[in-house]
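Inspection log for the structure reproduced underneath, given as structure tokens.
The values are calculated or read from the model by the stated rules, or taken from the named source; none is laboratory data. All values reported here derive from a predicted model rather than from experimental measurement. Glycine also receives a Cβ, built like all others from the backbone with ideal geometry; neighbour counts cover every protein chain displayed. Heads up: the accessible areas ignore ligands, DNA and RNA and are worked out on the full protein's heavy atoms, side chains in. Shrake-Rupley method; radii C 1.70, N 1.55, O 1.52, S 1.80 Å.
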Amino acid sequence: MRQNPARRAALLHAAMTLLAQRGAEALSYRNLDEAAALPVGTAANYFRTRADLLVQLTRHVLEQLRPDPATVTAALAGPEQERHAALLQHLLDRMLREREATLALLELRLLARRHPDIQDAFRETIQANLALSQAFSDTHGFTAEPGAFLMGYLLLSGFVFEELTLPGLLPPDLGPRLIQALTGTGPAGSSDGADGPEWHLP
């Protein structure tokens with residue numbers, strides 16, 4: 001059966017919104033059709049199984065969170081000592097701005113943990129995305145130290161998780177300060193030494 005790419009995209013975007021706002025129980029074919037303003041039965045024609053839907057949704061969400069090419073190009077053209085911090089700030093801003101996509105990805109992680117039929121496919125998709133990110137970081141010399149990329153990934157991922165699930169728990173300026181710590185830069189691009197500000201919960 002021929003499928004319309006625009007309809008598939010509309011269904012995946014609707015699935016992302018439903019998952020972020022209402023959780024996994026809202027991901028029925030009927031709800032997808034209604035949320036995407038498509039005829040009843042459309043979603044069933046595009047996603048034969050729930051596992052197929054969830055795997056395709058994972059790829060769609062990651063695409064929503066992909067860095068903006070123009071912003072990446074501009075950051076790489078900036079002063080060498082500021083490039084890494086500028087890129088990390090863009091990634092952090094994007095995850096927080098694309099709230100539904102980020103929350104949907106968190107929900108997908110929980111679903112993959114509970115459903116073995118999608119766990120392998122989910123893991124492979126996330127691993128491939130992580131490998132591409134690390135290769136980019138290594139190519140541009142941002143993470144020369146072993147394990148530095150994963151440390152940065154875990155720090156920023158943990159911050160985003162707290163910020164989206166419990167807004168206001170962490171200090172409002174903690175995101176930029178984490179980036180300064182990871183890249184060795186201060187507010188004016190200077191090295192952030194041991195005498196820098198302490199981080200306290202409010």
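Looking only at residues in the stretch 65-80 that are open to solvent by 50 Å² or more (accessible area, probe 1.4 Å) and assigned to a helix (DSSP H, G or I), the one that is modelled with the lowest pLDDT is 80.
Can you tell me which residues in the stretch 130-146 are assigned to a loop (DSSP other than H, G, I, E, B), open to solvent by less than 100 Å² (accessible area, probe 1.4 Å) and either at negative phi or among the β-branched types (Val, Ile, Thr) (or both)? Break it down into steps so the answer makes sense when it comes.
If we filter the stretch 130-146 for residues that are assigned to a loop (DSSP other than H, G, I, E, B), which is where we start, we get 140-146.
If we keep only those that are open to solvent by less than 100 Å² (accessible area, probe 1.4 Å) too, we end up with 140-144.
Selection gives 140, 142, 143, 144.
Taking residue 59, is it within 24 Å of the chain's Cα centre (by Cα), under 30 Å from residue 83 (Cβ atoms), assigned to a loop (DSSP other than H, G, I, E, B) and not aromatic (Phe, Trp, Tyr)? Answer is no for this residue.
Of the residues making up the stretch 1-41, those that are part of a loop (DSSP other than H, G, I, E, B), more than 17 Å from residue 59 (Cβ to Cβ) and not small (Gly, Ala, Ser) are 1, 2, 4, 38, 39, 40.
The set of residues in the stretch 120-129 being surrounded by fewer than 14 Cβ atoms within 10 Å (Cβ to Cβ) and over 14 Å from the mean Cα position of the chain (by Cα) consists of 120, 123, 124.
If a residue has to be surrounded by fewer than 20 Cβ atoms within 10 Å (Cβ to Cβ) and either among the aliphatic types (A, V, I, L, M) or within 20 Å of residue 164 (Cβ to Cβ) (or both) to count, how many in the stretch 36-59 make the cut? Qualifying residue count for the region: 5. Would you say residue 170 is within 25 Å of residue 14 (Cβ to Cβ), in contact with a helix residue (DSSP H, G or I) (Cβ under 8 Å, 6 or more places away or on another chain) and either not in a loop (DSSP other than H, G, I, E, B) or not basic (Lys, Arg) (or both)? No; evaluated as a whole, the condition is false for this residue.
Among residues that are assigned to a helix (DSSP H, G or I), closer than 22 Å to residue 13 by Cα and at pLDDT below 95, residue 121 is included. Among the numbered conditions (1) assigned to a helix (DSSP H, G or I); (2) at positive phi, the only one that residue 154 does not meet is (2).
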